[in-house]
Amino acid sequence: MENGVAIITLNRPKNLNAIRFPTIMEILDAFDSIIKDKSVRVIVFKGAGRAFCSGDDLVNMGEFPPLEPKFKLPHHKLIHLIREVQIPVIALLHGYCLGAGYELALACDFRLAADNLEIGDHRTTRAICMLHGASWFLPRLIGFARATEIVLTGRHLDAKEALEIGLVTHVYPAMEFDEKSQGFIQKIATMPTKCLGYNKAMFNFSFVNDLTSSLQNESYLFTENMKMYDAREGSRSFLEKREPKFIGK
């Protein structure tokens, strides 16, 4: 970790970072350690080598791990944690981002793409359904009609189209991807990330609750945020006509 940024790297480059059950369990262990570290302000997922992730390793998924009753698959627990953690989560996407890797990316708060990105889910062309959250995330990100067309045809998108429909946040040239994405990550890391986490929680709550309940939840989390150092620093810096210095607390 550096400057409050915790990085989780999918590191099976010879297999285009195809996900196995042991891979997910290792990520869950890392994620658990990260969210216990109060100095973490941003979590980043990236892939080693030529791709972010080519999906599940259908040749050899490894031994099925023991699970807690709430989750049918270890992937589901990871997706749940990404959404529930009140820390911004960023996916750095390059090369292939397919299948389970694509569903992992959908769960993140930001998706930064290199211009060589190929993203999508061709599993329907092999009679395999969505499995790790795309049915929930994709219509909310790009709309029901677009999501239906992309999933049911099983086609892949390039970076340009993914940006145009709002599937990714920014696209950078592949040769500049590391530099440009680091600039974005550092910008988020210097923001009042506790406040960002509360806003993320408000969005999550609103998806499954009515307006009145959402307004009450906003009021509660707004009050909690106002107890934070960064909220006081934001007010002080405004009155003192200077740039704020947030610490994520």
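Where a number appears in this text, it was derived from the coordinates with a stated rule and is not lab data. As the structure is a prediction and not an experimental result, all values here were calculated from the model. Note that each Cβ is placed from the backbone with ideal geometry, even for glycine, and that neighbours are counted across all protein chains shown.
Quick check: residue separation of residue 203 and residue 164 times 0.36 nm, minus the Cα distance between them. What number comes out in nm?
11.8 nm
Assigning unit charges at the beta carbon (Lys, Arg +1; Asp, Glu -1) and nothing else, what dipole magnitude in debye, to the nearest 20, does the chain show about its Cα centre?
Details: 30 positive and 29 negative charges, 80 e Å.
Here the size comes out at about 380 debye.
Which of 14/36; 180/245; 14/38; 14/200 have a Cα-Cα distance over 29 Å?
Exceeds cut-off: 14/36; 14/38; 14/200.
Given the stretch 123-249, report the % of alpha carbon pairs whose separation exceeds 23 Å.
Roughly 57 percent, once rounded to a whole number.
With springs connecting C-alpha atoms under 10 Å apart, model the chain as a Gaussian network and identify which of 116, 60, 199 has the largest mean-square fluctuation.
Of the options given, 60 has the highest mean-square fluctuation.
Divide by every residue of the chain the summed helix terms, -39500 (n - 2.57) for each DSSP H run of at least 4, and state the resulting mean residue ellipticity at 222 nm, rounded to the nearest 500 deg cm²/dmol.
Values: 10 runs with 116 residues, N = 249.
Helix-only estimate at 222 nm: -14500 deg cm²/dmol.
Distance between the C-alpha centers of the stretch 85-152 and the stretch 174-194? Whole Å please.
Distance between centres, Cα-based: 21 Å.
Per Stokes-Einstein, at 37 °C and 0.692 mPa s, what whole-number D in µm² s⁻¹ belongs to the stretch 1-52, with the Kirkwood radius over Cα pairs as the hydrodynamic radius?
After rounding, the answer is 282 µm²/s.
If I model the stretch 1-112 as equal point scatterers sitting on the Cα atoms and use the Debye formula, what is log10 I(q)/I(0) at q = 0.10, 0.12, 0.24 Å⁻¹?
-0.26, -0.38, -1.49
In whole angstrom, how long is each semi-axis of the equivalent ellipsoid of the stretch 193-239, when you take the square root of 5 times every eigenvalue of its Cα gyration tensor and sort them from largest down?
That gives 24, 10, 7 Å for the three semi-axes.
Using θ = phi - 60° and the Karplus curve 6.51 cos²θ - 1.76 cosθ + 1.60, what whole-Hz ³J(HN,Hα) does each residue of the stretch 51-68 get, with Gly and Pro shown as x?
In residue order, the calculated couplings are 8, 6, 6, 8, x, 5, 7, 6, 7, 8, 7, x, 5, 5, x, x, 10, 7 Hz.
Divide, for the stretch 53-196, the radius of gyration over alpha carbons by 2.2 N^0.38 Å, where N is the residue count.
Normalised by 2.2 N^0.38 Å, the Cα Rg of the stretch 53-196 equals 1.07.
Once you mark the GluC sites (Glu not before Pro) that are in a DSSP loop and have at most 15 other Cβ atoms within 10 Å, what is the longest gap between them in the chain?
Here the longest run is 64-239.
Report relative contact order for the chain in percent, whole number only (criteria: Cα-Cα under 8 Å, sequence separation at least 6).
Reported as a whole number, the value is 17 percent.
Putting +1 on Lys and Arg Cβ atoms and -1 on Asp and Glu Cβ atoms, find which of 62, 214, 173 reaches farthest to the positive end of the dipole of the chain.
214
Select from 229, 172, 102 the residue whose mean-square fluctuation is largest in a Gaussian network model of the chain (Cα-Cα springs shorter than 10 Å).
229
What's the extension gain from residue 11 to residue 136 if we count 0.36 nm per residue and subtract their Cα-Cα distance?
Numbers: separation 125, 0.36 × 125 = 45.00 nm, distance 2.72 nm.
Full-extension gain reported as 42.3 nm.
So what does log10 I(q)/I(0) come out to for the chain at q = 0.12, 0.16 Å⁻¹, using the Debye formula with one equal point on every Cα and no solvent?
-0.74, -1.27
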